[in-house]
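Reviewing the structure listed below.
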Amino acid sequence: MSARDAGPAGTVEPAVAVEVLLEALPYIERFRGAVVVVKFGGNAMSSPELFDSFAKDVVMMHRVGMRPVVVHGGGPQIGSWMERLGRTSEFVDGRRVTDADTLEVAQMVLLGQVNAQIVTALNTFGPVALGLSGTDALMLEAEARDPQLGFVGDVTRVTTALIDRTIAMDLVPVIATLGADESGQIYNINADDAATEIAAALGAEKLMFLTDVPGLLRDVDDPTSLIAEVTTGELDRLVAEGVISGGMVPKVEACAGAIRNGVGSVHLVDGRIPHVLLLELLTDAGVGTMVRADEEGER
């Protein structure tokens, strides 16, 4: 939108506003009633402006009839509290080693700080959100990933009953990524992994990852090399050819796995862009990378 499209104090001219609404209308109709799982993290979590933008996007999705499910971790916040408490974080293969003391901090931060902040932000627009933990009703059953990592878990089963009931109450579930095994041992779970498993269990129409990059790039040093749309088969080829490498490999493998387990499409979007969720969902151009199945039969 150019300056000439804006009225006094930056307001949008009525004709432009109508054009925007008309462009969004078919997408609103198409995704009414659809479950959209959003993994929240990165810069969008740490910037007050982007946090507010994210909250408005989720509420808007809910208001127009979508069924958003927010899944979040809190790695940076856990690290910050560890420092404040005079403790040192140790990492193995990019994952925080979680001993009993670190697990206590993770529970405190994920439930007492991050989850509460997200729920409160959404509920400033009305009674919209309900905070949950993956330990509630054994929603996320987990087992230890690796003895070296301590209480870091992998999801072994997702029980969706509590999520389904929350959605049926016309509320947005906001899920902290803690899980537990049948003995009651709690585990800290990677939020990307948890969001993928939850989306597959729900048969979500969309799984959206808020990241700190524009999306999937053919050249990591060239932001203009964004891949707007890619199939699971094309992803496999890009990994085999080395176009996708390093830390992006687990991410794209998770995307492909989600689709092969019933998710309609997976979106990698730049959480540094205000209102990126609505831009990706409700505009013709979109702004990130959409991963879809090679053919309908793959779902």
Surrounding charge for residue 211, neighbours by C-beta under 14 angstrom, Lys/Arg +1, Asp/Glu -1, total -1
Under 14 Å from the Cβ of residue 105, count the other residues' Cβ atoms, weight Lys and Arg +1, Asp and Glu -1, and hand me the total.
-2
Given a 1.4 angstrom probe, what's the average accessible area per residue across segment 195-299, in square angstrom?
44 Å²
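Under 1.5 on a/c is rounded, so check that first for segment 87-189, then, if it is not, pick prolate when a/b is larger than b/c and oblate when it is not; a ≥ b ≥ c are the square roots of the alpha carbon gyration tensor eigenvalues.
Values: a/c = 2.90, a/b = 1.56, b/c = 1.85.
Because a/c hits 1.5 or more and a/b fails to exceed b/c, segment 87-189 counts as oblate.
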Loop sites in segment 227-293: GluC sites (Glu not before Pro), DSSP, at most 12 other Cβ within 10 Å
241
Tell me, what % of the accessible area of segment 66-174 is carbon and sulfur with a 1.4 angstrom probe?
50 percent
Can you show me the helix-derived [θ] at 222 nm for the chain, built from DSSP H runs with n ≥ 4 at -39,500 (n - 2.57) apiece and divided by the number of residues, rounded to the nearest 500.
-11000 deg cm²/dmol
Skipping prolines and chain starts, which residues have an amide H placed within reach, meaning under 5 Å, of the one on residue 129, given they are 5 or more residues away or on another chain?
123, 172
For residue 251, give me every one of the lysines with a C-alpha distance below 17 angstrom, ignoring sequence neighbours fewer than eight places off in its own chain.
39, 206
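Once you sort the root eigenvalues of the Cα gyration tensor of segment 146-278 as a ≥ b ≥ c, which label holds: rounded (a/c under 1.5), prolate (a/b larger than b/c) or oblate (the other case)? Display every interim value, and only then the final one.
Working: a/c = 1.95, a/b = 1.46, b/c = 1.34.
The shape class here is prolate.
Go ahead and run the numbers for FRET between residue 169 and residue 219, Cβ-Cβ distance against an R0 of 51 Å, rounding to 0.05. If you can, show how the numbers build up before the last one.
Values: r = 46 Å, r/R0 = 0.90.
Using R0 = 51 Å, I get an efficiency of 0.65.
How big is the dipole moment of segment 198-299 about its Cα centre under a simple scheme where the beta carbon of each Lys and Arg is +1, that of each Asp and Glu is -1, and everything else is neutral? Debye, nearest 20, please.
The dipole magnitude comes to about 320 debye.
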By how many nm would the segment from residue 229 to residue 29 lengthen if fully extended, with 0.36 nm per residue of separation less the alpha-carbon distance?
69.8 nm
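First select every other residue whose beta carbon is under 12 angstrom from the beta carbon of residue 56; then total the charges, Lys and Arg +1, Asp and Glu -1.
-2
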Would you mind checking segment 86-111 for residues with the amide N under 17 Å from a putative spin-label position 7 Å along Cα→C-beta of residue 148?
89-99
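Using the heavy atoms of the protein chains and a 1.4 angstrom probe, tell me the accessible area per residue for segment 25-155 in square angstrom.
Accessible area per residue, segment 25-155: 46 Å².
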Restricted to Cα positions, what overall size does the chain have along the principal axes? Three whole-Å values, descending.
59, 48, 37
Full extension from residue 185 to residue 90: what is 0.36 nm times the residue separation minus their Cα-Cα distance, to one decimal in nm?
32.1 nm
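The values are calculated or read from the model by the stated rules, or taken from the named source; none is laboratory data. Because the structure is a prediction, the values reported are computed rather than measured. Neighbour counts run over all protein chains shown; Cβ positions are idealised from the backbone, glycine included. The area values use the complete protein model at the heavy-atom level, side chains included, leaving out ligands, DNA and RNA. Shrake-Rupley method; radii C 1.70, N 1.55, O 1.52, S 1.80 Å.
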